[in-house]
Amino acid sequence: MNELNELLSYFEGRCLPETEFVISPWARTSNLLKCVKLAIATAQDGNKASIRRLQMIRQRLERQQVVRAKW
């Protein structure tokens, strides 16, 4: 549950675009904001796949911020 709380606090108040987003080489979404909202709702109900999806999205967002910071 602590892991879920960390993810919820990470995404809370974040301004996410409603655009396509590549989550991983085998997963993508056409609307990042709606994908995160749905994953949060189902993760709160105990869906482990949604928790994993949120983790992957967070990792990808953090990597992109590091790349942007280097430029």
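None of the figures in this text is laboratory data; all of them are computed from the coordinates on show. The structure presented is a predicted model; accordingly, all values stated were derived computationally and were not measured. Every residue, glycine among them, receives a Cβ derived from its backbone with ideal geometry; neighbour counts consider all protein chains shown.
Observations, loosely collected:
- Sequence ranges 20-26, 4-10, 38-44, 53-59, ranked by mean other-Cβ count within 10 angstrom, highest first: 53-59, 38-44, 4-10, 20-26
- Equivalent ellipsoid, the chain (semi-axes from 5 times Cα gyration tensor eigenvalues, Å): 20, 14, 11
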